[in-house]
Structures are given as structure tokens and as C-alpha cells.
1. Please work out how much length the chain gains when fully extended from residue 36 to residue 80, using 0.36 nm per residue of separation minus the C-alpha to C-alpha distance, in nm with one decimal.
2. Over all alpha-carbon pairs of region 25-142, lay out the pair-distance distribution in 10 Å bins, whole %, shortest bin first.
3. Give, rounded to the nearest 20 debye, the magnitude of the charge dipole that region 25-142 has about its Cα centre when Lys and Arg contribute +1 at Cβ and Asp and Glu contribute -1 at Cβ.
4. How much length is gained on full extension from residue 68 to residue 91, taking 0.36 nm per residue of separation minus their Cα-Cα distance?
5. Any chance you could run the full-extension gain for residue 51 through residue 105? It's 0.36 nm times the residue separation minus the Cα-Cα distance, nm to one decimal.
6. So what is the relative contact order for region 25-142, in percent, with contacts set as C-alpha pairs under 8 Å and at least six apart?
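What follows is calculated from the coordinates using simple rules that are stated; it is not laboratory data. Nothing here was measured: the structure is a model prediction, and the numbers come from that model. We place every Cβ from the backbone using ideal geometry, glycine too, and count neighbours over all the protein chains shown.
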Amino acid sequence: MRRRGPLAICCAALLFAGSCGRQQTAVPEQPVAVRTVTVTDSLLLRGGSDTIRLGRLHEGERARVGLQLRNGTDRPMVMLQHELTCGCIALEYDRRPVKPSEALSMQIDFDTRGLYGWQLKLFRLLPAGAREPLRIYVEAEVE
């Protein structure tokens, strides 16, 4: 009678573990795309909007996108607050003043768990001195 060693048991466990369960897509370390929006005096006065299109995603997938807010004014820009309208969006950025002609880098994470079909999500950014917020829409088709 042949004796099966620990190596055979480990191999069988790895084969079994790899074939079970639902795989989830990991969030990439770096954003897949970077969108740049220039904040001007006109945008601070009247507000504005932009749309980030993520294309087709699978339910349960997480997408990460970079957003840069370039300071197109002649004075430092500070982001006072942001407002998320959906728990499926997370926003990360440094809360520091941005000098003229420099950019504030942001990371937008969009989690599609429980979402199906065409999605249009909104978040608002309010820089200091703005009368109206900057509206950013995130659009995706979730399959």
C-alpha cells in the first residue's frame, strides 16, 4: 500500500480551492484612466459638470479611475467638501491647498455589487470661493 504524503494533500487542496467559489475582480493598484478638469473662475462662479464613462462592467466588479482638478485660477484652491449621492462611490484625495497651475489628484472607486443595467451616479465637489458645486457623473453599464 502506497502512502500519500503531505505534498499530495496540499496539491489536492490547491486544486479544490481554485475551482470553488466566485472570483472577484481586484481593484487595480493604479487607476485605469485619468480625467483632468480645469477649475477656472467661471467654473467657480457658475458651476459645471463632467462625466466619467466607465463602459461595461460586471456586477461585483470594482473600477478605479483617477481625476485631476487643475487649478486654472490665479490663487490657491482648497476643496472644502464633497457630497456623494451613492454608497457605491468612494472618493479619496489630499485636503491640501493647490497652487495655481498645479493639480489635485483624486481616486474614484466605483463598486458595482448589487447594481445592474445602466448606472448614472453623481458626486459634487465644492472648492473654497465657489458659488456652485462642480458635478461629476459616473456612468457605467453593469452586466
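1. Numbers: separation 44, 0.36 × 44 = 15.84 nm, distance 1.91 nm.
Between residue 36 and residue 80, full extension yields an extra 13.9 nm.
2. All Cα pairs, binned at 10 Å, distribute as 13, 46, 29, 11, 1 percent.
3. Values: 16 positive and 15 negative charges, 52 e Å.
Using only the charged Cβ atoms, the result is roughly 260 debye.
4. Working: separation 23, 0.36 × 23 = 8.28 nm, distance 1.22 nm.
Working it through step by step, the gained length comes to 7.1 nm.
5. Working: separation 54, 0.36 × 54 = 19.44 nm, distance 1.66 nm.
Fully extending the segment from residue 51 to residue 105 adds 17.8 nm.
6. Numbers: 287 pairs, mean separation 41.5, N = 118.
Averaging sequence separation for qualifying contacts and normalising by length gives 35 percent for region 25-142.
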